[in-house]
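Everything below concerns the one structure shown next.
Since every read-out is calculated from the coordinates, none of them should be taken as a lab result. Just so it is clear, the structure is predicted and the values come from calculations on it, not from any experiment. When we count neighbours, we look across all protein chains shown, and the Cβ atoms used for this are built from the backbone with ideal geometry, even at glycine.
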Amino acid sequence: MQEVLDRPEAVAPPVLPSAAVRRPRTGGRLTGEERRRRLEIWAEFINSELEVRNMRPAQLALYANVNPSTVSVWRHKKSLPDREAVLGVARCFRLPVELVAEKAGMLPPVATRPAGRIETDAEWRALLADIDRLPNDVFNCIKNALRTALRSQRRRLAS
């Protein structure tokens, strides 16, 4: 057995494909086009959320516990987030993790129902996050005002 292993042809190094033959890395099973589309969606999401919340990228990096250069590559369509980053972004923006994971391409889009404003309107999401940070007495006043407005709208529609 040892004699077989001592022969040079028995332990030839593995043959690696040359650089010209290698396929470009596209994030696993994604095609290049699909990866570009996901990068575009993620960058648009991050940039719009930062804009409507009047946040700087460095603030997102700090609150989401990622490196500022990571936020930069997201914004410039160079990289997608990992799971931990998705959780941090969701926590920072006070959004459902499912929504952020969908924008990052980790979950398929929900096609069974029409998209609500929370999914489509970044300004509405920012407004809800701001309302959520208000003191309880101010929050309850806003909630009562909305409830009253909705009741009157329903009455108008019913008559």
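Compactness of the range 29-158, taken as the C-alpha radius of gyration over 2.2 N^0.38 Å, stands at 1.23. Between Phe139 and Leu87, the simple label model (points 7 Å from Cα in the Cβ direction) yields a spacing of 2.4 nm.
The stretch between Arg94 and Asp132, if pulled fully straight at 0.36 nm per residue, gains 12.8 nm over its current Cα-Cα span.
Basic side chains Lys and Arg get +1 at the Cβ, acidic Asp and Glu get -1 at the Cβ, and with that the dipole of the range 29-158 about its Cα centre reaches some 400 debye.
Between the beta carbons of Asn54 and Leu107, assuming R0 = 35 Å, the FRET efficiency works out to 0.80 to the nearest 0.05.
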